[in-house]
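A short worksheet on the structure shown next.
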Amino acid sequence: MRHHFVLLMVAAALLAAADDLSAEGTHQDPQSPPPQAGKASYYSDLLKNRPTANGERYHPEKLTAAHRRLPFGSLVRVIRPKTGQSVVVRINDRGPYAKGRIIDLSRKAAEAIGIIRAGVANVRLEVVSLGE
């Protein structure tokens, strides 16, 4: 009987350790929405210093983005599946409003995932943390 108890305890410890390992590295907010997939584009340099929806000015050299629904201040990992490149951006604007697009990136963010030349690319979004 004691042997079964020891085996049960070892099994429980292994399951707990495996659960910790599977969660390690995701760094995704457990309250966050599921990942999204769609197209990303980026802001024109002509919009530099124009106000964004949260009142900040657009700066092409910052890692910011526009999303239709995520709260301002949310941190989002934008992944380009084709290349594996990714970048974390902060949501400070609303949009995009072009059909099929799910996020508009600042120039620096677009450069980080290599979409400047193409202008538009398929991406996956993972919310790292929700803003307020």
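FYI, it's all coordinate maths here, none of it is from the lab. Remember, it's a predicted structure, so these values are computed and weren't measured experimentally. Glycine gets a Cβ as well: all are built from the backbone with ideal geometry, and neighbour counts include every protein chain shown.
Considering 88, 123, which residue is within 18 Å of residue 39 (Cα to Cα) and buried (at least 18 other Cβ atoms within 10 Å of the Cβ)?
On the way: 88 fails: buried (at least 18 other Cβ atoms within 10 Å of the Cβ).
None of the other options fit; the residue is 123.
Is it the case that residue 99 is without any contact (Cβ under 8 Å) to a residue 24 or more places away in the chain, under 17 Å from residue 37 (Cβ atoms), out of contact with any Pro (no Cβ under 8 Å at 6 or more places or on another chain) and outside any strand (DSSP E or B)?
Numbers: without any contact (Cβ under 8 Å) to a residue 24 or more places away in the chain: yes; under 17 Å from residue 37 (Cβ atoms): yes; out of contact with any Pro (no Cβ under 8 Å at 6 or more places or on another chain): yes; outside any strand (DSSP E or B): yes.
Against the criterion (without any contact (Cβ under 8 Å) to a residue 24 or more places away in the chain, under 17 Å from residue 37 (Cβ atoms), out of contact with any Pro (no Cβ under 8 Å at 6 or more places or on another chain) and outside any strand (DSSP E or B)), residue 99 qualifies.
Anything in the range 102-119 that is in contact (Cβ under 8 Å) with a residue 60 or more places away in the chain, more than 15 Å from the chain's Cα centre (by Cα) and surrounded by 14 or more Cβ atoms within 10 Å (Cβ to Cβ)? List them, or say none.
Listed by number, the residues that qualify are 107, 115.
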